[in-house]
Amino acid sequence: MEIRPFDNGCGAEIGGVDLQSMSDEEVEAIADAHAAYGVVFLRGQTLTPGDQLAVARRFGPINVNRFFTPVPGHPEVAMVLKEPHHQYNIGGGWHTDHSYDQAPALGSMLFALDVPSAGGDTMFASMYKAYEALSPGLRRTLEGLRAVHSSRHVFGKGAYAKQDDDRYHNAGQATQDAVHPVVIRHPRTGRPALYVNPAFTRRIAGWTEDESRPLLEHLYDVAAREDHTCRFRWEVGSVAFWDNRATWHHALNDYPGERRLMHRVTVEGESLSPYLTEN
Ligand code: SIN
């Protein structure tokens, strides 16, 4: 197995491994690279939904996504689909998965089944690099702060994940709000990472939304700087496995009239409260 980190430290390509026949040592090496670089990419894999679940379970228990329509017969495998007639894609803005949960997902594993002839890449941003780009003074201000995250405005009734769109369901279950540290010490690497995102973070805990907005927008501007990001061009059989505690991602919607189908399995995480950074 060969692990090739990208130059800026966001993302790594892994070659020479068949996910279905990994040794325990290879699982550990992939888990280390996943945490260190935030996302790992593999090509040329062949995975049925059952195979993908078995692979993901090597990294932890499965977290069932409540809002994406699952693959028929596989409630733990979410469909990430855009048909030619769809205008919007799933995940088409910077976010990190499940930050609205009390114990946010550790990682998400996306497998490509159908890709457009051009476009449909996914961008990733390193939250380690975002944190490191802040001034020492702002870092000190953020340490000890918490933020409120929610699913209501994204997946709830009347939210932009429209209820007449059969790619989403269970709007009535979008009741999760959670409070997490604004900066975490990553559970595996111990490295500080920014843990707020434009999709699900509503405000700094104890502050109003109006008070929170200028600070959050500044953090989002820094986080999305080009030198903090990497971009993955999909092929059928590609896998991206990202760490939701160390990255954001953004699925580009630049392939009108074409189909893109991915299967996503989410790996359970843990409460981030013990990983608060304190000054
Ligand atoms: C997602 O946000 O989980 C989807 C990412 C993608 O389709 O590239």
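Sorted largest first by accessible area at a 1.4 angstrom probe radius, with every protein chain in place, the residues K82, K157 fall in the order K157, K82. Here the chain is treated as a Stokes sphere of Kirkwood radius computed over C-alpha pairs; at 37 °C and 0.692 mPa s its diffusion coefficient rounds to 173 µm²/s. Across the stretch 58-72, coupling constants 3J(HN,Hα) worked out from phi with the 6.51/-1.76/1.60 Karplus curve, θ = phi - 60°, read 5, 9, x, x, 8, 9, 7, 6, 7, 10, 8, 4, x, 5, x Hz, and Gly and Pro carry x.
In the chain, taking the dipole from charged Cβ atoms about the Cα centre, the farthest positive-side position among G137, V265, F59 is held by G137.
Considering only S23, G92, A78, the residue lying farthest towards the positive end of the dipole of the stretch 1-143 is G92, judged by Cα position with unit charges set on Cβ. Checking the a/c ratio against 1.5 first, then a/b against b/c, what shape does the Cα gyration tensor give for the stretch 64-140? Oblate shape, in that a/c is at least 1.5 and b/c is the bigger or equal ratio. Would you mind counting up the charge near W242? Only other residues with Cβ under 12 Å from its Cβ, with Lys and Arg at +1 and Asp and Glu at -1. Net charge around W242: 0. Dipole check for the chain: with +1 at the C-beta of Lys and Arg, -1 at the C-beta of Asp and Glu, and the Cα centre as origin, the magnitude is about 560 Debye.
Residues whose amide H falls under 5 Å from that of H169, counting only those 5 or more places apart or on a different chain, are F68, T69, with hydrogens built in the peptide plane. All other residues with a Cβ under 11 Å from the Cβ of D18 taken together, and with Lys, Arg as +1 and Asp, Glu as -1, what is their net charge? Summing Lys and Arg as +1 and Asp and Glu as -1 gives -2.
Separation of the stretch 4-60 and the stretch 101-135 by C-alpha centroid, Å? After rounding, the separation between the Cα centres reads 14 Å. Each peptide in 115-128, 18-31 was scored by the mean count of other Cβ atoms within 10 Å over its residues; highest first, the order is 115-128, 18-31. Evaluated at 4 °C with a viscosity of 1.567 mPa s, what Stokes-Einstein diffusion coefficient in µm²/s does the stretch 1-50 have when Rh comes from the Kirkwood expression over alpha-carbon pairs? Stokes-Einstein gives a translational diffusion coefficient of 114 µm²/s. For the chain, the solvent-accessible area works out to 41 Å² per residue, with a probe of 1.4 Å and every protein chain left in place. Restrict the search to the stretch 187-251; then list the GluC sites (Glu not before Pro) that DSSP places in a loop and that have at most 12 other Cβ atoms within 10 Å of their Cβ. Filter output for the stretch 187-251: E235. Running a GNM on the chain with Cα contacts under 10 Å, which residue among W248, W234, W207 ends up with the highest mean-square fluctuation? Largest GNM mean-square fluctuation: W207. In the stretch 191-237, Rg over Rh equals 1.13, where Rg is the alpha-carbon radius of gyration and Rh the Kirkwood radius from pairwise Cα distances. Give me the percent relative contact order of the stretch 132-190, please, defined on Cα pairs under 8 angstrom at least 6 residues apart. Relative contact order, the stretch 132-190: 40 percent. For the chain, the relative contact order is 35 percent, taking Cα pairs closer than 8 Å that sit 6 or more residues apart in sequence and dividing their mean separation by the residue count.
By the Cα gyration tensor, the stretch 110-211 has an equivalent ellipsoid whose semi-axes, rounded to whole angstrom, run 29, 22, 12 from largest to smallest. According to the Kirkwood relation over distinct C-alpha pairs, the hydrodynamic radius of the stretch 141-279 is 17.2 Å.
Computed from backbone phi, the HN-Hα couplings of the stretch 31-48 come to 4, 5, 5, 4, 6, 6, 9, x, 7, 10, 10, 10, 10, x, 8, 10, 9, 6 Hz, rounded to whole numbers (Karplus: 6.51 cos²θ - 1.76 cosθ + 1.60, θ = phi - 60°; Gly and Pro given as x). Evaluated over the Cα positions of the stretch 1-93, the convex hull gives a direction-averaged projected area, one quarter of its surface, of 7.7 nm². The portion of the accessible surface of the chain made up by carbon and sulfur, rounded to a whole percent, is 49 (1.4 Å probe; DNA, RNA and ligands excluded).
With a cut-off of 14 Å on the backbone N, the residues of the stretch 263-279 near the modelled label site 7 Å out from Q173 along Cα-Cβ are 266.
If only the Cβ of Lys and Arg carry +1 and only the Cβ of Asp and Glu carry -1, the dipole of the stretch 164-263 around its Cα centre is close to 540 debye.
The values are calculated or read from the model by the stated rules, or taken from the named source; none is laboratory data. None of these values were measured; they are calculated from a predicted model. Reconstructed Cβ throughout: ideal geometry from the backbone, glycine too, with neighbour counts over all protein chains shown. Accessible surface areas use protein heavy atoms only, side chains included; no ligands, DNA or RNA. Shrake-Rupley method; radii C 1.70, N 1.55, O 1.52, S 1.80 Å.
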